[in-house]
Amino acid sequence: MSKVHTRPGEAADRADDDVVSVLVAQHGMIKDLFNEVKSREGELKQRAFDVLRELLAVHETAEELIVRSAARDTVGKAETDARNQEEADATRVLEELEKRDADLPEFDLLFSKLERMVLEHAEREEREEFPALRAGRTKDELREMARRLREAEEAAPTHAHPMAAGSPKAQRLTGPFAAMLDRARDRLSGA
């Protein structure tokens, strides 16, 4: 379909990468996929959106589970709560997009809203959360977080789940079951 990576860990599979490098690489993949969805039509647009949807769902789940508790220690509760709330808001929009035909005008309007929300969120993470995380953790700790992030991504849901979004506790409780259902759904639909 494209030159864009289609698996979250694919952008950063080197063992020496730290968690921030992995996440920033994924942000680049997400930006590329937003552009790809906007440049496609019909089935190709839907498939590009499905890749983006999966990457966003997996990325945000793993980020909430692995990064937020460490970031809370370095940037504070208010900052991490704000990032979690942004993720929850974007997940609700993502869920609405999953229900729409990618070729309809209302899809494009809602998709533009999602793009704006996600890119602003990623920018705040890169400007506020990630530098503090790097400053507050050793290189070894950041590499270990990257390893744990990749493990979380392998078990993360592949669709939007607004009831758990923005809550690491809810992700831990419902994520494995939701991931199992999502992956079965993906296989049945050929995604």
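Sorted from longest to shortest, the spans of the Cα atoms of segment 25-155 along the three principal axes equal 47, 27, 21 Å.
Got a sec? How would T138, T158 order by Cβ neighbour count within 10 Å, fewest to most? Each step should come with its number before you reach the end.
Details: T138 10, T158 21.
Ranking T138, T158 by Cβ neighbours within 10 Å, fewest first, gives T138, T158.
We did not get these values from a lab; they are worked out from the coordinates using the rules stated. As the structure is a prediction and not an experimental result, all values here were calculated from the model. Neighbour counts run over all protein chains shown; Cβ positions are idealised from the backbone, glycine included.
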